[in-house]
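Following: one structure in C-alpha cells, then a few remarks.
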Amino acid sequence: VPTESAIMGAGQFFVEIGSDRFTTENALYTNTGEAFQSIFPQTFLTGTAATAFSDFGTIVLTEKIAQRWFGTGWKSQELVGRTLKIGEDNYHLAGVIEDIPNNTHFDFNLIIHSKLIPSWGAYTYLKLAPNASIAAVESRFNQDVEKVYPGFLEDELFKGFSMMALTDIHFTPDRLYELKAIANSNYLTTFALIA
C-alpha cells in the first residue's frame, strides 16, 4: 500500500547503505508481500518473490533505483542480502524488480515489507472470487469492523469502508486521497462519438 506519510512513503527520506547515504521517495509499504505479489506480479531481475516476502524487514528496489544507487554495473554485484538502514531500522535487500509502468494505479521506487505500515491511511486491495458482489463485500466489512476493532464505529471520523473495482479507479472522481489524476468519462465519450 502506498502511504502518504510525511515521514516515509510519499515524502523524501534517507537510506544508508554502508557509508553511503541516498535520498528517495515513493516507498510502497506492505505487510502482505506474498498477497501483493499475487495480485500485482512484479518481475524480479535479482532475488525472488518467494524469498523477498518470506519475512518482514526486507526491501525490494526498482531497477531505476538500483542503477542510481549501485551504478550501471549493479547486475554484476551481489546486492541481495545487503543491509539498508532507514531511520533506526535495518532492512535486508531482497531483490530488484523491473521498473513500474506509468499506467499503474500507484508508483513506487522500492517495496518495504514491514510488519507495521507507518501511515494513518492506506489503500487495501482485495482479490474477490469471480462474480462476487463488491457491494456485498463492502457491506460485510462495515458490519463486521467492530469484531476486529471494538469501538471503531464510535469514531466520528470513520465514514465506513468504501470499495471499487480496480477497473474503475481512473474514472471515479469523488474519492478522497486519490493517487493519480482522474479521467473525465464525459471527454472520453465525446471523443469516441467524434471518432
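Screening the stretch 31-49 for residues that are surrounded by 13 or more Cβ atoms within 10 Å (Cβ to Cβ) and in a helix (DSSP H, G or I) and picking the one that is farthest from the chain's Cα centre (by Cα) gives Ala49.
State yes or no: is Tyr187 in contact with a Gly (Cβ under 7 Å, 6 or more places away or on another chain), at pLDDT below 70 and open to solvent by 60 Å² or more (accessible area, probe 1.4 Å)? Judged against the criteria, Tyr187 is not a match.
Within the stretch 48-103, the residues that satisfy the criterion of being hydroxyl-bearing (Ser, Thr, Tyr) and in contact with a strand residue (DSSP E or B) (Cβ under 9 Å, 6 or more places away or on another chain) are Thr48, Thr51, Ser54, Thr58, Thr62, Thr83, Tyr91.
Can you go through Tyr125, Tyr91 and tell me which one is touching a residue at least 12 places away in the same chain (Cβ under 8 Å), under 19 Å from Phe14 (Cβ atoms) and either among the aromatic types (Phe, Trp, Tyr) or buried (at least 16 other Cβ atoms within 10 Å of the Cβ) (or both)?
That would be Tyr91, the only listed residue that is touching a residue at least 12 places away in the same chain (Cβ under 8 Å), under 19 Å from Phe14 (Cβ atoms) and either among the aromatic types (Phe, Trp, Tyr) or buried (at least 16 other Cβ atoms within 10 Å of the Cβ) (or both).
For the stretch 147-163, a residue qualifies if it is surrounded by 10 or more Cβ atoms within 10 Å (Cβ to Cβ) and not in a loop (DSSP other than H, G, I, E, B), and the qualifying residues are Phe152, Leu153. Among the strands (runs of 3 or more DSSP E) confined to the stretch 52-124, the ones with at least 1 residues that are modelled with pLDDT of 95 or more and among the small types (Gly, Ala, Ser) are located at 89-97. If you go through the stretch 62-80 and pick out every residue that is under 14 Å from Glu98 (Cα atoms), open to solvent by less than 20 Å² (accessible area, probe 1.4 Å) and more than 17 Å from the chain's Cα centre (by Cα), you end up with 2. The set of residues from the stretch 152-169 being β-branched (Val, Ile, Thr) and in contact with a Lys or Arg (Cβ under 9 Å, 6 or more places away or on another chain) comprises just one member, Ile169. Being in contact with a Phe, Trp or Tyr (Cβ under 7 Å, 6 or more places away or on another chain), under 24 Å from Leu116 (Cβ atoms) and open to solvent by less than 40 Å² (accessible area, probe 1.4 Å) is true of Ile59.
The values are calculated or read from the model by the stated rules, or taken from the named source; none is laboratory data. These figures come from a predicted structure and were not determined experimentally. Backbone-built Cβ (ideal geometry, glycine too); neighbour counts: all protein chains shown. Please note that ligands, DNA and RNA were not included when accessible areas were found on the heavy atoms of the full protein model with its side chains. Shrake-Rupley method; radii C 1.70, N 1.55, O 1.52, S 1.80 Å.
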